[in-house]
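Trainee: Once you've had a glance at the structure underneath, I'll fire off some questions.
The values are calculated or read from the model by the stated rules, or taken from the named source; none is laboratory data. Everything numeric in this text was worked out from a predicted model, so none of it was measured. Neighbour counts are summed over all protein chains in view; Cβ atoms, including those assigned to glycine, are modelled from backbone coordinates with ideal geometry.
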Amino acid sequence: MRVSMTIIRDIVYGSIRCGADASELYKRIGLSEENLSDIKATLNLEQAQNVWQEAVNLTKDDLLGLHIGESSTPSIVGLVGHLMQSSPTLKDAFESLCKFNTLVTDVFTYRIFSEKGNFIIEFEPHEIWQENYPETAKQAVMQAMSGSLHVCQLLTGKKLIPQKAEFAWNTPKIKTEYERIFGQNLHFNKDENRLYLRSEDAQLAVIGYNRELQEFFQSLLKKALEEVQNQETIAAMVKRLLADTFTDHLPSLHEIANKLHLTSRSLQRKLKDENTSYQELTDELRRDLAIGLLRSHKYTINEIAYRLGYAEPSVFRRAFKRWTGNNPSKYEAKNLSQ
């Protein structure tokens, strides 16, 4: 799981604008200005969410994502942003974002669709992010929603007020900042995070539209997407499928092999050639999910063991101690006290 440095740069610079001490932030996240300039670099999910966490800690701003988003530009998504700026309409721009966003990150998804006279943009952090680090996932959604509105304004030259905004978290005690950015029609405790624009907003012209540039950037991005897909290892495919298909249990080796159009034996052999195994990959995911579920303090240890596919809680306890050096109870107590 990865996040492009262009996104990290937006978070870091935005946090500094919002009051974070630059030198302390760089120290805590283990990055430098030089690192942020490497547009080909990526961070893994744990590193990326830590950037959010430290940024919130230093700014003491629980709504940091909203405030960073107010200054976000299409450059946050690199070449995809250039394609958006050269698109004919707002809808075309966001279609490009949805199509090529996996080049920028695989832990966050944008979707667009039309419904009952509305042009709807949907925002979804990956399930593993939401399970393991719900607070930073929420910050990312706030930034994406606020940022998307600002990008709409930059692309069209018009300030758009959503017909409605929906958020998949509890109603805040104070909604002033939400109302300032998204208008008055706010709905919380929803299943999805969505912005509802007017259907006619989707057809607004992008002021930087240039057909030649649009075709040029589309060609570059299509080639890049093909290269990424062709270079993906079997282990990476398995990890992605495990993460994407996990609900209440981990899929079996046979199920994953079927999705890859392989026999179970062929999949095992290919993983061995890449110096790993299905067991190692599922253990990695179980470890990450276990830590996230414990941190959420929503589930008992027995419930977590069941969700992760362990027949007995004792087996889960032994596995967790092997991963972290602590048994689940001690780990949870230690995390709760921090």
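Trainee: Anything in the stretch 189-211 that is closer than 27 Å to Ala140 by Cβ, among the hydrophobic types (A, V, I, L, M, F, W, C) and touching a Ser or Thr at 6+ places or on another chain (Cβ under 9 Å)? List them, or say none.
Mentor: Leu195, Ala202, Leu204, Val206
Trainee: Something else: Could you tell me whether any residue of the stretch 126-133 is of a type in the set (Asp, Glu), in contact with a Gly (Cβ under 7 Å, 6 or more places away or on another chain), in contact (Cβ under 8 Å) with a residue 24 or more places away in the chain and not in a loop (DSSP other than H, G, I, E, B)?
Mentor: yes
Trainee: Of all residues being among the hydrophobic types (A, V, I, L, M, F, W, C), touching a residue at least 60 places away in the same chain (Cβ under 8 Å) and assigned to a helix (DSSP H, G or I) in the stretch 56-70, which is surrounded by the most Cβ atoms within 10 Å (Cβ to Cβ)? Just the residue, please.
Mentor: Ile68
Trainee: If you don't mind, there's one more thing I want to ask. With a cut-off of at least 2 residues that are within 13 Å of the chain's Cα centre (by Cα) and surrounded by 18 or more Cβ atoms within 10 Å (Cβ to Cβ), name the helices (runs of 4 or more DSSP H) lying wholly within the stretch 1-54. Spell out how you get there, then give the answer.
Mentor: Values: elements: 5-17, 22-29, 33-36.
Where helices (runs of 4 or more DSSP H) fall fully within the stretch 1-54 and carry at least 2 residues being within 13 Å of the chain's Cα centre (by Cα) and surrounded by 18 or more Cβ atoms within 10 Å (Cβ to Cβ), they are 5-17.
Trainee: Another one. So Arg240 fits all but one of (1) buried (at least 16 other Cβ atoms within 10 Å of the Cβ); (2) in contact (Cβ under 8 Å) with a residue 60 or more places away in the chain; what number is the exception?
Mentor: (1) is the only condition that Arg240 fails.
Trainee: Looking only at residues that are within 18 Å of Pro134 (Cβ to Cβ) and among the charged types (D, E, K, R) in the stretch 174-197, which one is surrounded by the fewest Cβ atoms within 10 Å (Cβ to Cβ)? I'd like the intermediate steps shown before the answer.
Mentor: Our first condition is that a residue be within 18 Å of Pro134 (Cβ to Cβ); within the stretch 174-197, this holds for 188-193.
Subsequent filtering for residues that are among the charged types (D, E, K, R) retains 190-192.
Numbers: Lys190: 12, Asp191: 7, Glu192: 12.
That would be Asp191.
Trainee: Then there is this: Right, Ala236: modelled with pLDDT under 85 and either under 26 Å from Thr109 (Cβ atoms) or under 19 Å from the mean Cα position of the chain (by Cα) (or both) or not?
Mentor: yes
Each row is one residue, and each column tells you yes or no for (1) modelled with pLDDT of 85 or more; (2) outside the structural domain of Asp106 (by TED's automatic domain parsing); (3) not hydrophobic (A, V, I, L, M, F, W, C).
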{"site": "Asp248", "(1), (2), (3)": "no, yes, yes"}
{"site": "Thr263", "(1), (2), (3)": "yes, yes, yes"}
{"site": "Leu267", "(1), (2), (3)": "yes, yes, no"}
{"site": "Tyr278", "(1), (2), (3)": "yes, yes, yes"}
{"site": "Leu289", "(1), (2), (3)": "no, yes, no"}
{"site": "Ile304", "(1), (2), (3)": "yes, yes, no"}
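Trainee: Considering only the stretch 211-222, I want to know if a residue exists there that is among the polar types (S, T, N, Q), assigned to a helix (DSSP H, G or I) and buried (at least 19 other Cβ atoms within 10 Å of the Cβ). Let's see the steps before the verdict.
Mentor: At the first step, the residues of the stretch 211-222 found to be among the polar types (S, T, N, Q) are 214, 218-219.
Of the ones still in play, those that are also assigned to a helix (DSSP H, G or I) are 214, 218-219.
The next check asks that each one be buried (at least 19 other Cβ atoms within 10 Å of the Cβ); those that pass are 214.
Scanning the stretch 211-222 turns up at least one residue that is among the polar types (S, T, N, Q), assigned to a helix (DSSP H, G or I) and buried (at least 19 other Cβ atoms within 10 Å of the Cβ).
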